[in-house]
């Protein structure tokens, strides 16, 4: 029986593991991927994490994991298939959850969901090859690397338009590529977009292939109406066609919003007693490494308060 099981070992999960070990909790962290770190392992360079500008994303992930390992955090390589509440607990008694995986079953009194989120991908040639080398899914993370360069944003919703506006502050030129002849973004964002001189919208078009050498150099574009193909020279492309929290497995256990993000405040407490959430799967405004790390710390503090509260009753 564990005091705490953390599901996921991205920045939020690893931060939670460090705080849990320092708090003396009997804990286990479950990770389905062969390498810890979550989305940052695919980030070529992280320039906005305090104190270590320009760090490689994979290297930063390894530092996070090494910190948890140094404190003796226990890891299980497994994919969680379900979570079952065996005992809801009471005012005096802690709940009991069974976490079922493809590599065994584990019992715990509390859980931190740190499963993160994943960006929708275009699924075209060159996309996977150039992730971190000109293909990005986060303008606020990587936009500053494109100062004075030519960038493209793929999408037509609020996020895509916000990304294009943000990139226009750094890039010499920004292309917004959208498959339709009108944007889905809110009118106020569209009005702002159309007033920015270095943004050009490419309507009725889709990106068919991403090309380059060491880094992205060219996008192959097709007009969906005329079927005409053309090449567009760019230094980078930001894919903004949606982000989805990795929470499907827990939708029947904790309350989520219409997009699937777990509803919880800064304390990470969900609608289910003893279950907390940290990182990109939590409903919040900003999803960055620094906010994920903070979530992990807050969630463990809430776990401690929850367990102490039960022991006092």
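The values are calculated or read from the model by the stated rules, or taken from the named source; none is laboratory data. Note that the coordinates shown come from a computational prediction; the quantities given were computed from them, not determined experimentally. In this analysis, Cβ positions are derived from the backbone assuming ideal geometry, glycine residues included, and neighbour counts consider all displayed protein chains.
Mind listing whichever residues of the range 1-41 are assigned to a loop (DSSP other than H, G, I, E, B), farther than 23 Å from residue 82 by Cα and under 16 Å from the mean Cα position of the chain (by Cα)?
Hits for the range 1-41: nothing passes.
So is residue 273 modelled with pLDDT of 95 or more, part of a loop (DSSP other than H, G, I, E, B) and either assigned by TED's automatic domain parsing to the domain that holds residue 160 or in contact with a strand residue (DSSP E or B) (Cβ under 6 Å, 6 or more places away or on another chain) (or both) or not?
Values: modelled with pLDDT of 95 or more: yes; part of a loop (DSSP other than H, G, I, E, B): yes; either assigned by TED's automatic domain parsing to the domain that holds residue 160 or in contact with a strand residue (DSSP E or B) (Cβ under 6 Å, 6 or more places away or on another chain) (or both): no.
No; evaluated as a whole, the condition is false for this residue.
Please go through the range 65-74 and give me each residue that is surrounded by fewer than 18 Cβ atoms within 10 Å (Cβ to Cβ) and in contact (Cβ under 8 Å) with a residue 40 or more places away in the chain, ordered by number.
Residues of the range 65-74 that are surrounded by fewer than 18 Cβ atoms within 10 Å (Cβ to Cβ), as a first pass: 66-67, 69-72, 74.
Result: 67, 71, 72, 74.
Is it the case that the range 85-94 has a residue that's surrounded by fewer than 15 Cβ atoms within 10 Å (Cβ to Cβ) and assigned to a strand (DSSP E or B)? Show your work before the answer.
Of the residues in the range 85-94, the ones surrounded by fewer than 15 Cβ atoms within 10 Å (Cβ to Cβ) are 86-88, 90-93.
Among the residues that remain, those that are also assigned to a strand (DSSP E or B) are: 86-87.
Yes, some residue in the range 85-94 is surrounded by fewer than 15 Cβ atoms within 10 Å (Cβ to Cβ) and assigned to a strand (DSSP E or B).
With (1) at positive phi; (2) surrounded by fewer than 16 Cβ atoms within 10 Å (Cβ to Cβ); (3) within 18 Å of the chain's Cα centre (by Cα) as the list, and residue 279 as the residue in question, which single condition is left unmet?
(2)
Could you go through the range 187-196 and let me know if any residue there is free of Cβ contacts under 8 Å to residues at least 12 places away in the same chain, loosely packed, with under 12 Cβ neighbours inside 10 Å and outside any helix (DSSP H, G or I).
Yes, the range 187-196 contains at least one residue that is free of Cβ contacts under 8 Å to residues at least 12 places away in the same chain, loosely packed, with under 12 Cβ neighbours inside 10 Å and outside any helix (DSSP H, G or I).
Output yes when any residue across the range 42-64 is in a strand (DSSP E or B) and without any contact (Cβ under 8 Å) to a residue 40 or more places away in the chain, and no when none is.
Narrowing the range 42-64 to residues in a strand (DSSP E or B): 46, 55.
With without any contact (Cβ under 8 Å) to a residue 40 or more places away in the chain added as a condition, the list becomes 55.
Among the residues of the range 42-64, at least one is in a strand (DSSP E or B) and without any contact (Cβ under 8 Å) to a residue 40 or more places away in the chain, which makes the answer yes.
For (1) more than 21 Å from residue 12 (Cα to Cα); (2) without any contact (Cβ under 8 Å) to a residue 60 or more places away in the chain; (3) touching a helix residue (DSSP H, G or I) at 6+ places or on another chain (Cβ under 9 Å), each residue gets a yes or a no:
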position: 98; (1), (2), (3): yes, yes, no
position: 101; (1), (2), (3): no, no, no
position: 104; (1), (2), (3): yes, yes, no
position: 116; (1), (2), (3): no, no, yes
position: 121; (1), (2), (3): yes, no, no
position: 129; (1), (2), (3): yes, no, no
position: 139; (1), (2), (3): no, no, yes
position: 158; (1), (2), (3): yes, yes, yes
